[in-house]
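Step one of this worksheet: look at the structure below.
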Amino acid sequence: MTVILVTGGCGFIGSNLVRYLLEVEPEARIVNLDALTYAGNLANLADVAAHPRYQFVRGDVADRQQVWEVMRLGVTDVFHLAAESHVDRSIHDATPFVRTNVLGTQVLLDAARAFGVRRFVQVSTDEVYGSLGPTGAFTEESPLQPNSPYAASKAGADLLVRAYHHTFGVPALITRCSNNYGPYQFPEKLIPLFITNLLQDEPVPVYGDGLQVRDWIHVRDHCRGLHLAWKKGQPGEVYNFGGKCELSNLELTRRLLRLLGKPESLIRFVPDRPGHDRRYAMDCSKAQRELGWSPLIPFEQGLLETIRWYQEHTEWVAAVRNKEYMNYYQRQYGTLRAATTSTRLAAR
Ligand code: NAD
Ligand code: DAU
């Protein structure tokens, strides 16, 4: 029997992945190990909580005893997603990033080795490659040049995965994906933050000049890629996933404003993120060639569906925008004011 451990299954991508695996792997049991940090939300999987092939365990990936207990449930395969995932928070305090992302990965790799798992999928990010100039794209051969504490902690984890495969033969592979969007994303990330603000006619904070470029991919396309990497990928290999959809933050913001029928006066230019990476873009030809994967969901369609999802899930949004979130928001953005908006916009 296949027993798949998904770590971080109560987060954005993890919850979409758990649902996807239950759908496409009708014989497999799914165990979700999640510590329920601020980003973990049981409501993200409320619809499958009672599913006969699904089991939730609250626990910390960096806690050896808890991980060993979960492995004893008969785990045969691992998708490792549990992480501290937000760049801005890693700039405030890198400590939980190193603990969860680096130490947590090492504990899981030790467990994978001890229990002889069949496949270990390390879910990583394009941010480990650093930043691009105006042209070109990251390949799997690009050097690791992480620029934020978050990216550095993910690169550290990736290097441990590589070493455990090389030294101990742990059958692990790494996937690196660009910026995801879609349902259940915590509104600290650009797209859900801006949608939820705009739905309340609140301003949206654009960092710096807003001309940084990200490559957007729908979370379901990412989940399909993870599943294919698990099924067809080779241990020791790296696979890039991207959405073939490069947009500057300002273009994306304007698109969101248009789709929601809101005025450009809601844009606030705020001080830039320290060390802000200018541009990411992914070359996914290896995944296409070796896994038969390419992104399928057009951005226009995915974005409209995502907006609709946030419009229809007002209770989810209200619960997530709680006191803890508001404290974070205040610390990160202060009180957004009209300030220089019109002059900055006029300059463009
Ligand atoms: P998220 O912040 O929404 O979810 C992270 C989940 O991990 C939460 O449920 C949280 O409770 C859990 N978690 C945190 N620390 C834990 C610990 N010590 N033990 C157990 N569980 C813990 O993150 P996400 O956006 O869904 O990202 C998931 C993974 O995908 C991360 O590894 C991230 O680096 C990677 N990734 C994300 C993106 C993206 O665009 N969001 C892109 C590429 C890769
Ligand atoms: O590229 C993959 C990565 O994408 C993942 O590894 C990370 O886990 C995920 O958080 C995401 O990182 P980014 O930093 O790119 O995502 P974020 O949504 O925070 O920011 C996207 C862009 O928007 C980035 O250039 C910063 C900018 N931004 C973000 C926020 C939150 C703003 O201009 N204003 C904001 O308020």
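Quick notes on this structure:
- Charging the Cβ of each Asp and Glu at -1 and of each Lys and Arg at +1, and nothing else, the dipole of the stretch 153-253 about its Cα centre rounds to 640 debye.
- In a reduced charge model with +1 at each Lys and Arg Cβ and -1 at each Asp and Glu Cβ, the stretch 1-93 shows a dipole moment near 200 debye about its Cα centre.
- Three-way shape label, the stretch 183-224, alpha-carbon gyration tensor, a/c 1.5: oblate
- Proximal lysines to Lys323, defined as alpha-carbon separation beneath 30 angstrom and excluding residues fewer than eight positions away on the same chain: Lys154, Lys189, Lys262
- Whole-Hz Karplus values for the stretch 43-57 come out as 4, 5, 10, 4, 5, 10, 3, 9, 4, x, 9, 10, 9, 9, 10 Hz, taken residue by residue from phi with 6.51 cos²θ - 1.76 cosθ + 1.60 and θ = phi - 60°; glycine and proline positions read x.
- Near the amide H of Leu5, within less than 5 Å, lie the amide hydrogens of Val31, Thr76, Asp77, Val78, Phe79, all on another chain or at least 5 residues away, with H placed in the peptide plane.
- To the nearest ten degrees, helix 104-115 and the longest principal axis of the Cα atoms of the chain are 20 degrees apart.
- Annotation for Leu211 and Arg58: the two label points, set 7 Å from Cα along the Cα-Cβ direction, are 4.8 nm apart.
- Cβ-derived FRET efficiency at R0 22 Å, Arg278 paired with Gln301, nearest 0.05: 0.20
- Note on the chain: with charges restricted to the Cβ of Lys and Arg (+1) and Asp and Glu (-1), its dipole about the Cα centre is near 140 debye.
- Whole-angstrom gap from the stretch 100-133 to the stretch 46-63, using each part's C-alpha centre: 20 Å
- Whether the stretch 115-196 is rounded, prolate or oblate, judged on the alpha carbon gyration tensor where a/c under 1.5 counts as rounded: oblate
- Structure-based [θ]222 nm, the chain - -39500 (n - 2.57) summed over DSSP H runs of at least 4, per residue, nearest 500: -12000 deg cm²/dmol
- Separation in nanometres of the label points that stand 7 Å from Cα toward Cβ, at Gln145 and Glu69: 4.5 nm
- Overall form of the chain per C-alpha gyration tensor (a/c, 1.5; a/b vs b/c): prolate
- Sorted largest first by accessible area at a 1.4 angstrom probe radius, with every protein chain in place, the residues Val213, Val206 fall in the order Val213, Val206.
The values are calculated or read from the model by the stated rules, or taken from the named source; none is laboratory data. The structure displayed is predicted, hence computed values, not measured ones. Cβ coordinates were reconstructed from backbone atoms using ideal geometry, including for glycine residues, and neighbour counts include every protein chain displayed. With ligands, DNA and RNA removed, areas are computed over all heavy atoms of the protein, side chains included. Shrake-Rupley method; radii C 1.70, N 1.55, O 1.52, S 1.80 Å.
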